[in-house]
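Engineer: Pasting in a structure now, in structure tokens, and then I'll have a few things to ask.
The values are calculated or read from the model by the stated rules, or taken from the named source; none is laboratory data. Owing to the predicted nature of the structure, the values given are computational and were not obtained by experimental measurement. Cβ placement follows ideal geometry from the backbone for every residue including glycine, while neighbour counts extend to all protein chains displayed.
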Amino acid sequence: MSCSVPFKMRLVHLDLKGAPPKVSYLSEVFPLFHALGANGLLIEYEDMFPYEGRLRLLRAKHAYSPSEVTEILHLARLSELEVVPLVQTFGHMEFVLKHEAFAHLREVALFPNTLNPHEAESLALVKDMIDQILELHRGVRWLHIGCDEVYYLGEGETSKLWLQQEQNSHAKLCLSHMQAVASHVLAQHPGTTPLVWDDMLRDIPQEQLKASGVPQLVEPVLWDYGADLDVHSKIFLMGKYQECGFQRLWAASAFKGATGANQALPPVEHHIRNHEQWLQVAVSGPVDTLQGIILTGWQRYDHFSVLCELLPVGIPSLAACLQLLVHGGFAEDVKLRVEHFLGVSSLEIMDTMSEGAGSFPGSDIHALVTQISLHLRSSVDTLLERNRYVTGWFSPYHRRRKLIHPVMIQHIQPEALSLLSRWSNLVQQLEVALQLAFYPDTIEEWLEENVLPSMQRLQGLLQDLGEAAAPLPPPTSSGWDTGQNP
């Protein structure tokens, strides 16, 4: 059936600006990606790339070393996954522009999102980043240069003056920077074609886009992560791009990281529907126009946002989406094949702490994160807000004053201790599992965001119980009058 697959290239996106996996974990999942139908990777390094020289300060604490990048590329080749590196060169430059050394290159002084395209140093910076990345990725067929969500473009002081000239526009400003960056790639790295996200191109008038020369330099990636993707408007947009002179186009879907900045579990049905819609675009649109599809798996919405779904947690969704693309749909037999392959009883978000928790790399992380995400907060909420002994005899009023009827301790404390013990045990198991896939700062961040708030509430209740149970002098406030009967 593979000969009739609409998307010849199926790239899995690795978003390394959050929760970057250890190389040892990538060595386990790359063969899985290949087995599921992927034949490429879009690697968005961000601050995980081992930049050198004046760019060295961009490195994250646990940035990959040059030898680790080489190892990743070797592992990808072993699994027949073609690598396409991604480097942001216009918008989403927070990981660069947050540093004082490069803050003067911001489009708007206050915001580190967007590069000022008027500064010669801006282009020099981007060229340096590109050259360093391609030095370690020699011979790649494509380089993704980003260029999405270029917020505040035109709002910098230099841009405002530039835009006052009659012949200038926001579109021209955007296209001229894209052209400069893409021209550098093509001139200095022949054989490597730049890809760009398409959102900044969508509303540019057709004639202006055609006249800019950009269609001869880049291949746009049309991205839409919605379950309700409008097939007809996408086909219309593809036609517009073709008429402007773009020879090849790409699609971008999502298997995780597109339904909420702090989403912990991917809604698999949403992502399946997104891929079904893209499949409709591919089979209904101009033949052989779409070079391939990038299955994005965002790990943060931007450099400063919280983590969304971890890669191991997104693997069932990725498996379903890849197999849907390979088989041209997600019929029941395809669904059963995916579940059997992963060793899961169901692809739906459910309690997976059972025999069918999975047999894929990171399935223990998937199972434990699911358990914690579904039940930790709700179980603590139930105890603190709906348990009649807590709400009736150990309310916030009582807790502040450390007051409790002694018999109520026997009703509350055992359940609270049992709950704390249960969750402490599961969290400990999760920490051990996470250590095999991720670096310490990722583990700390995920636990602090998703576990700590509920655990602190539970521990706070037990601490207040202990203090209230200690012998105290008789209360004198009107809140507790020991001389009155109920």
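Engineer: Going by the conditions given, is E46 over 20 Å from the mean Cα position of the chain (by Cα) and modelled with pLDDT of 95 or more?
Structural biologist: no
Matching residues to (1) surrounded by 19 or more Cβ atoms within 10 Å (Cβ to Cβ); (2) of a type in the set (D, E, K, R); (3) not assigned by TED's automatic domain parsing to the domain that holds D131:
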residue: I204; (1), (2), (3): yes, no, no
residue: Q208; (1), (2), (3): no, no, no
residue: A211; (1), (2), (3): no, no, no
residue: P215; (1), (2), (3): yes, no, no
residue: A227; (1), (2), (3): no, no, no
residue: L237; (1), (2), (3): yes, no, no
residue: K240; (1), (2), (3): no, yes, no
residue: F246; (1), (2), (3): yes, no, no
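Engineer: Now for a different question. Examine segment 257-278 for a residue that is among the β-branched types (V, I, T) and either under 24 Å from W142 (Cβ atoms) or assigned by TED's automatic domain parsing to the domain that holds L374 (or both), and state whether such a residue exists.
Structural biologist: no
Engineer: Given the condition β-branched (V, I, T) and surrounded by 20 or more Cβ atoms within 10 Å (Cβ to Cβ), answer yes or no: does some residue in segment 255-269 qualify?
Structural biologist: Looking through segment 255-269, at least one residue is β-branched (V, I, T) and surrounded by 20 or more Cβ atoms within 10 Å (Cβ to Cβ).
Engineer: Now a separate question. In this structure, is H303 surrounded by 24 or more Cβ atoms within 10 Å (Cβ to Cβ) and in the same structural domain as L11 (by TED's automatic domain parsing)?
Structural biologist: No, not satisfied.
Engineer: List the number of the failed condition for D47; all other conditions in (1) closer than 28 Å to A320 by Cα; (2) touching a helix residue (DSSP H, G or I) at 6+ places or on another chain (Cβ under 9 Å); (3) in a helix (DSSP H, G or I) hold.
Structural biologist: (1)
Engineer: Filter the helices (runs of 4 or more DSSP H) completely within segment 293-405 down to those with at least 3 residues that are of a type in the set (V, I, T).
Structural biologist: So the answer is 311-327, 363-381.
Engineer: Where residues in segment 110-147 are over 27 Å from the mean Cα position of the chain (by Cα) and without any contact (Cβ under 8 Å) to a residue 40 or more places away in the chain, which of them is nearest to N39 (Cα to Cα)?
Structural biologist: Filtering first and then ranking leaves A124.
Engineer: Mind checking which residues of segment 190-230 are over 24 Å from S284 (Cβ atoms) and assigned to a helix (DSSP H, G or I)?
Structural biologist: E207, Q208, K210, A211, V214, Q216
Engineer: Please verify whether G297 is surrounded by fewer than 19 Cβ atoms within 10 Å (Cβ to Cβ) and either on the phi < 0 side of the Ramachandran plot or outside the structural domain of K335 (by TED's automatic domain parsing) (or both), treating the condition exactly as stated.
Structural biologist: no
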